[in-house]
Amino acid sequence: MVDARGPFESPQLSPWPSGDITVADLLAVRHLALELIAGDKGLARRVSWTHVCELVDPGPWLDGGELLIANGFRIPTAPSDQIDYLDRLMHYRVSAIALGCHTPTLSPEMLEHADAEAFPVIRIPRQVPFISLSHMVAGANASSTHHRLLRDLQLFDALRLRDGRRATVPELMGELEAISGYRLALITPARQPLLSAWPWVPEMLWPAPGTLSSEDVVTVDGGYAIPISIGGRVEAHLVGILDDARRAAGLSHLRRIAVIVALEVAAERERREERRRAGQETLVDLLSGRISSHELERRLSAHRLAPGEGLCVAVLRASTGQPVNVDRVHYWFADRQRPYLLTDDGRLVTVLCQASTALEHLVAQSDLRAGIAQVDDGLNFARARQRALVASIPAARLKVSTVIHADDDDRALSWLPGDPDALIHLVKDTLAPLLHHDAEHGSDLVVTLRTYLEHKRRSTSAARELGIHAHTVANRLRKVEELTGRDLADFYDAFELWLALEADPMTEGI
């Protein structure tokens, strides 16, 4: 893949941070009398540091490359749990584990797993204090410790580079790469580059969907993904891929880089919000017809929308009748770098975008219901919105995420008027007396009427579904006729009531 600086040849990556002393070196120190009990194929692993910990899951507090030392108090006894414990250590790139005298019996299954994964498991004799092992590693790695300290100082210089000299994004990221030894990427939760000036995204096997939305550091092929949260939301992940040629620093250095990069992420969030506000103003003007044809093209172009390339309007509804989460819709488009305009009226969300396929993916992933209409050659956005609004009626009544296109051959859509004002008039003129009566008296006239019509005007069948006596249904239907002035035995009156029932859910949002 090509980035702003030209092609980058991916190096042969090592999954272990560099250090000076290896597991084999430690085993060769005779006075320590360490015993290797599994994982002999991993003796070349380098040990950057030692860490004493008895937690069941010490990984989140490690830097990668450590020799983990434990008395064994929290080592599980069941073979499957021991294997899980080992897997957690390898997940965080621990180099090896050294166990003390309180370790329970290690199962053959766990030792076989360590051998298969080339993960060294070491036993520490009772007479050897843990601090002797730590001193040995610290002394052997003194030069590496000094090198890490210099890297920390360089990171602070990089922060000054950003704030003092107003460095460009490529300058800042290039400096951080040179200091850390990581190949760096900034990606959105949708795995797209967050910043256009730093477009590189590693070609690698990503964790399962949803994994990268958590607050935890995630290990990925050859490196780490660190979430960067702004205002309680993960706006991006800083991905660091270990590069042996530059002797990458540990996870702690990458965390410090994430703090520096978070300033760029926050700035990009502000730019997104500005584009969102400007887009809302533009869409409101388009729907009201207040923009001239010349100004219209300029405004659309500013939001990367092309009139001649299939613009469409969608009206989105939540599945439960609650307001649509408008922020989620905004982030869905923004994280995927898709051009769009968006506005909401408190219950419904209207979106203008380039292709209906994008909206279909959004609806499926967000448990929404939507009506979609193509914008005609005359760029009549208000008319497209009306048609999308009408198309959302049957979609709102379904129990699954659904997109209905206004051009689909749907009988309900073909009979309902496309003008929202006409729909409101239909409901007020026909159904309003029933709605008011139900609200004042706690009755179920509207539900009874809908059920009766859905059962092809069969009172007995409707009564069974409602769980009431057929005489009760008959009494309610007489009340419906009294309040509406319609005769349910008359086909045209019944049809008008059915149209009003179909239109009623849609008028809640207008």
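Some notes on this structure:
- Residue that is modelled with the lowest pLDDT, among those in the stretch 124-143 that are open to solvent by less than 50 Å² (accessible area, probe 1.4 Å) and of a type in the set (S, T, N, Q): N141
- Unique residue being touching a Pro at 6+ places or on another chain (Cβ under 9 Å) and closer than 30 Å to A373 by Cα when the list is L453, L426: L426
- D115 surrounded by fewer than 15 Cβ atoms within 10 Å (Cβ to Cβ) and at pLDDT 85 or above: no
- Check on R277, outside any helix (DSSP H, G or I) and either under 30 Å from S180 (Cβ atoms) or out of contact with any helix residue (DSSP H, G or I) (no Cβ under 6 Å at 6 or more places or on another chain) (or both): no
- Residue match in the stretch 234-248 (condition: among the β-branched types (V, I, T), open to solvent by 10 Å² or more (accessible area, probe 1.4 Å) and under 29 Å from S95 (Cβ atoms)): yes
- Which listed residue is under 22 Å from D504 (Cα atoms) and not in a helix (DSSP H, G or I), from L341, L316: L316
- The stretch 323-346: number of residues that are under 18 Å from I404 (Cβ atoms) and over 20 Å from the mean Cα position of the chain (by Cα): 0
- Every residue from the stretch 288-308 that is aliphatic (A, V, I, L, M), open to solvent by less than 50 Å² (accessible area, probe 1.4 Å) and either more than 11 Å from F381 (Cβ to Cβ) or not in a helix (DSSP H, G or I) (or both): I291, L305, A306
For every residue, the table says whether it meets (1) open to solvent by 20 Å² or more (accessible area, probe 1.4 Å); (2) more than 22 Å from L34 (Cβ to Cβ).
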residue: L62; (1), (2): no, no
residue: L68; (1), (2): no, no
residue: N71; (1), (2): yes, no
residue: I83; (1), (2): yes, yes
residue: D87; (1), (2): yes, yes
residue: M90; (1), (2): yes, no
residue: A98; (1), (2): no, no
residue: I122; (1), (2): no, no
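- R328 meets all of the listed conditions (1) part of a loop (DSSP other than H, G, I, E, B); (2) open to solvent by 30 Å² or more (accessible area, probe 1.4 Å); (3) not acidic (D, E) but one, namely (1).
- When R336 is tested against (1) at pLDDT 85 or above; (2) open to solvent by 40 Å² or more (accessible area, probe 1.4 Å); (3) in contact with a strand residue (DSSP E or B) (Cβ under 9 Å, 6 or more places away or on another chain), exactly one condition is not met: (3).
- Output for the stretch 474-503, where each listed residue is more than 21 Å from E440 (Cβ to Cβ) and either polar (S, T, N, Q) or assigned to a helix (DSSP H, G or I) (or both): A474, F491, Y492, D493, A494, F495, E496, W498, L499, E502, A503
- Some residue of the stretch 49-59 being free of Cβ contacts under 8 Å to residues at least 24 places away in the same chain, open to solvent by 20 Å² or more (accessible area, probe 1.4 Å) and within 19 Å of V128 (Cα to Cα): yes
- Scanning the stretch 35-48 for residues that are under 23 Å from Q127 (Cα atoms) and either of a type in the set (G, A, S) or crowded, with 22+ Cβ neighbours inside 10 Å (or both) turns up A38, V47.
- Complete set of residues in the stretch 402-423 that are farther than 25 Å from R290 by Cβ, open to solvent by less than 60 Å² (accessible area, probe 1.4 Å) and either modelled with pLDDT under 80 or touching a Pro at 6+ places or on another chain (Cβ under 7 Å) (or both): I404, D410, A412, L413, L416
- Residue in the stretch 81-91 that is at positive phi and among the charged types (D, E, K, R) present: no
- Only one entry in G378, G346, G371 is in contact with a Gly (Cβ under 9 Å, 6 or more places away or on another chain) and either outside any helix (DSSP H, G or I) or open to solvent by 10 Å² or more (accessible area, probe 1.4 Å) (or both), namely G346.
- Top-ranked residue of the stretch 252-283 - restricted to ones that are among the polar types (S, T, N, Q) and in contact with a strand residue (DSSP E or B) (Cβ under 7 Å, 6 or more places away or on another chain), ranked as most open to solvent (accessible area, probe 1.4 Å): Q280
- Any hit, the stretch 174-186, residues being outside any strand (DSSP E or B), open to solvent by less than 40 Å² (accessible area, probe 1.4 Å), at pLDDT below 60 and more than 22 Å from E273 (Cα to Cα): no
The values are calculated or read from the model by the stated rules, or taken from the named source; none is laboratory data. Since the structure is predicted, the reported quantities are computational estimates derived from the model, not experimental observations. Cβ atoms come from the backbone with ideal geometry, glycine included; neighbour counts cover every protein chain shown. Ligands, DNA and RNA are excluded from the accessible area calculation, which covers all protein heavy atoms including side chains. Shrake-Rupley method; radii C 1.70, N 1.55, O 1.52, S 1.80 Å.
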